[in-house]
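Before any comments, here is the structure.
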Amino acid sequence: MKILVIGGGGREHALAWKLAQSPKTHKIYVAPGNGGTALDPQFENVDITDIQQLREWALAQKIALTVVGPEGPLAAGVVDEFRKHGLRVFGPTQAAAQLESSKAFSKAFMKRHAIPTAEFETFSDPVLAHAYIDKMGAPIVVKADGLAAGKGVVVASNLAEAHAAVDFMLLDNTLGVSHNAGGARVVIEEFLAGEEASFIVMVDGKNVLPLATSQDHKRLLNGDLGPNTGGMGAYSPAPIVTPDVHARAMREIILPTIRGMEKDGIPFSGFLYAGLMIDAQGKPKTLEFNCRMGDPETQPIMMRLKTDLVDVMLAATEPGPHGKLDQIELEWDRRTALGVVLAAHGYPMQPRKGDAITGIPKEVEDACVFHAGSTLVDGQLQTSGGRVLCVTVLADNVRLAQQRAYEVAAGIRFDGMQYRTDIGYRAIKGTAA
């Protein structure tokens, strides 16, 4: 069958890579794709980002299945458009994607359905926002209410940082946040202490299928220091998600969310990503929801998945009121997968583009380099975004995976390349930091 993957990042490269392993796959198109998918003969890049044009193209090509990677097209209603024309597509509707596209919607939803999360208030007036920060004190978290490519969150350790975050989110908008209707808003919430983990499930409107646990590293620098990014590396499984934490997350967060969306008349299908903060007692609270897989968590998770992803997607998109994910059991590689992001000079605020990339090794059984911010120009790979590559490996434990990933990364070159050298340190240390 012909399959379309919408997006051009590392997440989409990893999804396409896994879908290509199925014997049911005839051809995989990636729209718009990147330098890695351009170089791989398994894929064909499609230079279309307009939703209606893409839908017309998918109909003309008789695309049997579409998988949507990033949040932008989901928030713009790509699933609604494809479904309206009888195309089989995996992802949430525009209304359901508000769980990610609007922090204000998401927090109000969690409050309404008693889903554990941080205390919060929403502001569009900077004066009131500043007054609230002064009242609450620091540390405190300031979030832009809109899509910000993973960078619209500031964890302020002092009042000055919090006030500055309000100013650039409400007044300057230097992060390029895609604001929702009604203009710029911020959600200001209490700081939650603990250890973060990514809890990602697949949903078909009713049934929930948990994926392997994972943990990413949001901060730019070693030891979780420096500014927040879209993610500098990830590993799976995440030891912090014990069987007890897993059961609590499903019982207290995931299932109430799916039932709550159904109750509100907005049934959810697609990937649901709950960013969890797990406290010292093992109690999880919801930091945020994303309506797609995480990046870079997708890369290690796909490396570990042994089940045919096409079969899973077909079950999830079975025609009718909901799919058949209850009939699917996922099989996972027992090994640890770990991914290290190689980022461009100037990332996250002003990533430089156009640097030549060399030294990417051929894919082997235990190591694959997934592309994100790369493009092919006259046969030469160049940087085209902030997070350029994700070196992803499989090994018997986290320490060995870490060693292997950095061995592979050592051979790759582009000017200004930056990466953390401690991805996986929390799992190796075995304690919350």
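The values are calculated or read from the model by the stated rules, or taken from the named source; none is laboratory data. This is a predicted model, so every value here is computed, not measured. Positions of Cβ are backbone-derived with ideal geometry, glycine not excepted, and every protein chain shown enters the neighbour counts. Areas reflect the complete protein model, heavy atoms only, side chains present, ligands, DNA and RNA absent. Shrake-Rupley method; radii C 1.70, N 1.55, O 1.52, S 1.80 Å.
When only the Cβ of Lys, Arg, Asp and Glu is charged (+1, +1, -1, -1), the dipole of the chain relative to its Cα centre reaches about 500 debye.
Relative protection proxy for 323-335, 104-116, from highest mean packing down: 104-116, 323-335 (other beta-carbon atoms within 10 angstrom).
Based on Cα atoms of the range 207-282, Rg over Rh with Rh as the Kirkwood radius reads 1.03.
Approximating the spin labels as points 7 Å out from Cα along Cα→Cβ, the Val127-to-Trp57 distance works out to 4.9 nm. In this structure the amide hydrogen of Leu342, modeled in the peptide plane, comes within under 5 Å of the amide hydrogens of Val388, Leu389, Cys390, Val391, none closer than 5 places in sequence on its chain. Subtracting the Cα-Cα distance of Gln21 and Glu44 from their residue separation scaled by 0.36 nm leaves 6.7 nm.
Counting only Cβ charges, +1 for Lys and Arg and -1 for Asp and Glu, the dipole size of the range 324-418 around its Cα centre is about 340 debye.
Of the whole protein surface, Ile63 contributes about 10 Å² of accessible area at a 1.4 Å probe radius. Full extension of the chain segment joining Asp396 with Leu330 gains 21.8 nm, where the gain is 0.36 nm per residue of separation less the Cα-Cα distance. Provide, for q = 0.07, 0.12 Å⁻¹, the log10 of I(q)/I(0) from a solvent-free Debye sum over equal Cα point scatterers in the chain. Taken in order of the listed q values, log10 I(q)/I(0) reads -0.31, -0.99. Estimated from the Cβ-Cβ distance and a Förster radius of 30 angstrom, the FRET efficiency linking Gln350 and Ala108 is about 0.30.
Modelled spin-label separation between Lys429 and Asp415, with each label point placed 7 Å from Cα along the Cα-to-Cβ direction: 3.6 nm. What separates the Cα centres of the range 282-350 and the range 192-240 is a distance of 10 Å.
Spacing of the modelled spin labels on Glu161 and Asp244, each 7 Å from Cα toward Cβ, amounts to 3.1 nm. The tail of the calculated P(r) for the range 318-433 beyond 23 Å holds 43 percent of all Cα-Cα pairs.
Taking all protein chains into account, the per residue accessible area for the chain stands at 39 Å² (1.4 Å probe).
Per-atom-type breakdown for the range 270-364 gives carbon and sulfur 48% of the accessible area (1.4 Å probe, protein chains only).
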